[in-house]
Amino acid sequence: MDGMDMSVRNLTILGATGTIGVNTLDVVARHPERFRVIALSGQHQIERLAEQCRCFRPRYAVVLTEDRADALRARLADVDVEVLAGARALEHVASLPEVDSVMAAIVGAAGLRPALAAARAGKRVLLANKETLVMAGRFFMDAVRDHGATLLPIDSEHNAVFQCMPQARPVADGEAHARSAGGLPAGVRRILLTASGGPFRARPIETLAAATPEEAVAHPNWVMGRKISVDSATMMNKGLEVIEARWLFDAQPEQIDVVIHPQSIIHSMVEYDDGSVLAQLSHPDMRTPIAHALAYPERVDAGVPWLDLARTGTLTFEAPDLHRFPCLGLAYEALRIGGAAPAVLNAANEEAVAAFLDHRLSYPGIAATLERVLDRLSGLVAEDLDDLHAADAEARRLARELVTRIAA
Ligand code: NDP
Ligand code: MG
């Protein structure tokens, strides 16, 4: 069990070689007396993973394929690390008895099964992989509750909302849940997710047809992986976050609003019945929410500079334009439809974004693909996880077909 004591916390970091993983290790390295790394995972960046193993000396390192495992073993011949391969190995290191906390920072649908394994093993789950909640929110939240896991959001908006909620408690701990009737906590009226608006917020709308992957991934405030950077440009990222908030905080779609705040200083807000709005502010640096979740309920130095508001300048807000950002509207639509619709939208988005990054699809082609896939497949059933995986596969197949057709 995790507790209030200062004993060392043992970590598994899934997706250690990615942006979130690297930031997590940066915070961990600042507090060697608090955190110990038990397992790390990566996929393509074998060199970086080897370096991380040398530095943090985990017991296990996991990659997906045997040939990569061999490449990693060759680089770590003189280091005492057991190298494992395969998707099942990810689930294994997510549920080791000696592990307290699992950082779930794999990108995309591939992150679902290991995050679920961590929840089923009753871990503290530090959830960055928002796709887990978008695809399988109900099943994941049930697993968290049924197995006494503790869920702490890493996504900066949700971490901010969590901090602004009454008596911030882990999003799902059995005890708090038993006393609540479900829904937002008493006195909370609305969640306000902030969005930067990304690189295309003010670009003339008629020029978006020619937007390139390089322009889309050049985010004004955040340094992130390529997929989520494109999602920020289309605002699908905010759409996925609306769905994520629905599950994390048990909110209805109409209780979640999005406001554009280009400076990315306020990371989200919670509105109360008495008119109070609580906000969390910090530099746009993922180490702040990561450190918050790693040390929760304590606070530790994240290595982030102090916020100097007098030098931050003006903070502005505007309503999102759904004509410019149709993906945000599609996400609300998928959420209202429910069932497999969010999983369908997520899968189609992964395919469309990959095609766009690969210069096989235009920027407006992303939203066009998603709209058609959602239109055709939103009625798929979602009785269990197998149904969701099937819906995911079907949506990918259709999205790929549409991408080829749109391109031709
Ligand atoms: P990155 O692309 O930077 O990193 C992804 C990580 O997952 C890497 O370690 C990568 O390994 C690994 N990986 C990729 N594909 C697979 C696969 N099929 N199986 C197993 N591992 C895989 O992404 P980010 O760190 O930016 O994002 C990670 C997650 O966190 C995403 O779900 C994202 O939405 C979420 N998130 C990210 C934020 C950010 O600021 N970056 C903010 C909020 C949420 P390798 O690189 O070695 O190939
Ligand atoms: Mg976010």
For this session: Within the stretch 242-251, identify whether any single residue is in contact with a Phe, Trp or Tyr (Cβ under 6 Å, 6 or more places away or on another chain) and not acidic (D, E), and answer yes or no.
Result: no
Seminar exercise, completed: Among (1) without any contact (Cβ under 8 Å) to a residue 40 or more places away in the chain; (2) in a loop (DSSP other than H, G, I, E, B), S264 falls short only on (1)
For this session: Determine whether the stretch 220-243 contains at least one residue that is closer than 30 Å to H31 by Cα, open to solvent by 40 Å² or more (accessible area, probe 1.4 Å), hydrophobic (A, V, I, L, M, F, W, C) and in a helix (DSSP H, G or I).
Result: yes
Seminar exercise, completed: When the stretch 329-350 is checked residue by residue, the ones that are crowded, with 24+ Cβ neighbours inside 10 Å and within 13 Å of D231 (Cβ to Cβ) are L330, A331, L345, N346, A348, N349
Seminar exercise, completed: By residue number, the members of the stretch 267-280 that are under 19 Å from the mean Cα position of the chain (by Cα) and either more than 16 Å from R189 (Cα to Cα) or not in a strand (DSSP E or B) (or both) are H267, Q280
For this session: Just one of (1) among the β-branched types (V, I, T); (2) touching a residue at least 40 places away in the same chain (Cβ under 8 Å); (3) touching a strand residue (DSSP E or B) at 6+ places or on another chain (Cβ under 7 Å) trips up V107, so point out which.
Result: (3)
For this session: May I ask you to list the residues in the stretch 9-37 that are surrounded by fewer than 21 Cβ atoms within 10 Å (Cβ to Cβ) and of a type in the set (V, I, T)?
Result: T19, V22
Exercise. Could you say which residue among P153, P166, P185 is within 16 Å of ligand 2 (Cβ to nearest atom) and at pLDDT 90 or above?
Worked result: P153
For this session: Please work out if S95 is free of Cβ contacts under 8 Å to residues at least 40 places away in the same chain and among the hydroxyl-bearing types (S, T, Y).
Result: yes
Problem set entry | Sole exception among (1) touching a helix residue (DSSP H, G or I) at 6+ places or on another chain (Cβ under 7 Å); (2) open to solvent by 10 Å² or more (accessible area, probe 1.4 Å); (3) more than 28 Å from N159 (Cα to Cα) for A355, by number | (2)
Seminar exercise, completed: From the option list P297, P284, single residue qualifying as touching a residue at least 24 places away in the same chain (Cβ under 8 Å) and touching a Phe, Trp or Tyr at 6+ places or on another chain (Cβ under 6 Å) is P284
Seminar exercise, completed: Selection from the stretch 141-155 of residues part of a helix (DSSP H, G or I) and crowded, with 24+ Cβ neighbours inside 10 Å yields V144
For this session: Within the stretch 232-247, work out how many residues are within 13 Å of ligand 1 (Cβ to nearest atom) and farther than 15 Å from P342 by Cα.
Result: 1
Exercise. Can you tell me which of R360, R396, R311 is surrounded by fewer than 18 Cβ atoms within 10 Å (Cβ to Cβ), without any contact (Cβ under 8 Å) to a residue 60 or more places away in the chain and more than 28 Å from I265 (Cβ to Cβ)?
Worked result: R360
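The values are calculated or read from the model by the stated rules, or taken from the named source; none is laboratory data. These numbers were taken from a predicted model, which means no experiment stands behind them. Ideal geometry is used to build each Cβ from the backbone, glycine not excepted, and the neighbour counts take in all protein chains shown. Note: accessible area is taken over every heavy atom of the protein model, side chains too, but ligands, DNA and RNA are not part of it. Shrake-Rupley method; radii C 1.70, N 1.55, O 1.52, S 1.80 Å.
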